[in-house]
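Data block below; observations after.
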Amino acid sequence: MRLPEFPIQFNKWFTFFAGIVVSLVSGSQYLFPARTRYETNLIGTLCNLGSYAGAIPALVQDAFGPRITLLFGFVLVFSGYFLAYCVVAGFFTAPAVVVGLFFCIMGNGSSGSYVAVLSTNIKNFSYENRGKVVGILAAMFGICSAFFSFIYEYIFKYDLVHFFLFMSLFCGLSILLIGFPFVNEVKNKEPLLADKTTITTYDGDDVNVEVTIQTEKPREVYLNPFQMILTVDFWLLFILLFAGIGTGLVVINNMGNMVQSYRGEKHMTGILVIIFSVFNCIGRILFGYLSDKLKNYITRTGFLNITVLMMALSQYCWAFVTLPLFYPLVILTGISYGGVWCMSPAFITDRFGQKWFGVNSSLCNLASTAGSYTMATYLAAKIYTSNISQGGKNCYGPKCFQITYFITTVVNVVAFVFGLILMYRTRELYRNK
């Protein structure tokens, strides 16, 4: 069941550019966990839970298509931001967990909208361009927090009340007015069989035989969610995402506390958020482009392993960081994090197919939620709290996060080993591509 078609159906380029706009307004949930000073981990985790556990909008996308999904996303994004606006404006009071649920609602709608445009554009473009398409859309999703951080600081001057009202209207209406009408699946006009090849043999001046060969294209595998979770490859990918994205979120969700623990200036957090977002964006475009350009030499699983290894290096460096090194390390972490984000949906489509991409990607992203809670919320908070001086409220110095980053380094190294197994198991998949 799908909504009636519009009288005018737009080609894949209209859908792609509409997808860029929707992606650009669908990543704003990363702006706030990095900024909140207290109860950061709870609100950040609930926000990430909404973003990564978008099973309901993913089911809507796979069952009904992008238009209903984008309507669904509009309602959730508008509602989440508007309810947060009501709290900060003083219309009613709410504890941190309730505010976190509002962000969870907003994150779920944002995730659903992003999945809708990502899934649709993956179907509209060929395998040869899949990395670039995913990379650009993922980059817009990643740069979103920098875009809105600039607006929050320099236009709204840290006025959270009016900023939340602006976000509810701007993000919601962008999804409704640009995503809803312009994002549609383009009918696949490619024949099931490849073009005919005609071979003519000659015997002197006379034609003897004409042979026509019709080569069938390799059929893509379509695994539903139940079939996917029974595969070894799913669990290997789960480990990679748990490590690569989960440990990246340790940095994102604790940025404010880390700056404070090293006695950095208050404005430094905002600058680091923008730098992270920019290089997160660059990482997504870079790995998307390289995965297409070098597809005959390095598989997408190979690139996924490279990003996890880079993340391991960044986590190890965070354990010994000094305040001036925050900037280059945020760049490295951003590129690594962006690379994982770009390569994972491309691999999910390659390995498990396009038909159930929405739900399949949502299930894979549960690894990110598990990694966020385990490491960014529980582990980092536990170690941070244990190092607070008796009678104090905050932790200061390298001890606050050093053990956390030693552990996350090991997690990424272990994940890299499992990634090598995944790369070996899928070598035939990419050889046949």
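The values are calculated or read from the model by the stated rules, or taken from the named source; none is laboratory data. None of these values were measured; they are calculated from a predicted model. With ideal geometry, Cβ positions are generated from the backbone for all residues, glycine too; neighbour counts draw on all protein chains shown.
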Restricting attention to the range 59-70, report how many residues are assigned to a loop (DSSP other than H, G, I, E, B) and either closer than 19 Å to PHE166 by Cα or modelled with pLDDT under 85 (or both). 0
Checked the range 333-361 for anything among the polar types (S, T, N, Q) and either farther than 16 Å from GLY244 by Cα or in a loop (DSSP other than H, G, I, E, B) (or both); matches are THR349, GLN354, ASN360
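Taking the condition over 22 Å from ALA55 (Cα atoms), of a type outside the set (Val, Ile, Thr), surrounded by fewer than 23 Cβ atoms within 10 Å (Cβ to Cβ) and in contact (Cβ under 8 Å) with a residue 12 or more places away in the chain, does LYS132 pass?
In short, yes.
This table checks each residue for (1) modelled with pLDDT of 90 or more; (2) aliphatic (A, V, I, L, M); (3) closer than 28 Å to VAL413 by Cβ.
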| residue | (1), (2), (3) |
| --- | --- |
| GLU216 | no, no, no |
| VAL221 | no, yes, no |
| LEU230 | yes, yes, yes |
| THR269 | no, no, no |
| ASN305 | yes, no, yes |
Which of (1) outside any helix (DSSP H, G or I); (2) crowded, with 17+ Cβ neighbours inside 10 Å; (3) free of Cβ contacts under 8 Å to residues at least 24 places away in the same chain does LYS393 not meet, given it meets every other one? (2)
Please determine whether any residue of the range 292-302 is at pLDDT 90 or above, touching a Leu at 6+ places or on another chain (Cβ under 6 Å) and closer than 30 Å to GLU428 by Cβ. yes
Among the residues of the range 77-95, are any within 19 Å of the chain's Cα centre (by Cα) and outside any loop (DSSP other than H, G, I, E, B)? yes
Kindly list, by first and then second residue, each pair from a residue in the range 141-153 that is under 11 Å from VAL278 (Cβ atoms) to a residue that is modelled with pLDDT under 85 and outside any helix (DSSP H, G or I), limited to pairs with Cβ atoms under 7 Å and residues at least 6 apart or on different chains. GLY142/GLY27; SER145/GLY27; SER145/LEU31; SER149/LEU31
Exactly one condition in (1) modelled with pLDDT of 50 or more; (2) loosely packed, with under 10 Cβ neighbours inside 10 Å is false for ASP195; which is it? (1)
Options GLY73, GLY54; residue that is modelled with pLDDT of 80 or more, buried (at least 24 other Cβ atoms within 10 Å of the Cβ) and in contact with a Ser or Thr (Cβ under 8 Å, 6 or more places away or on another chain): GLY73
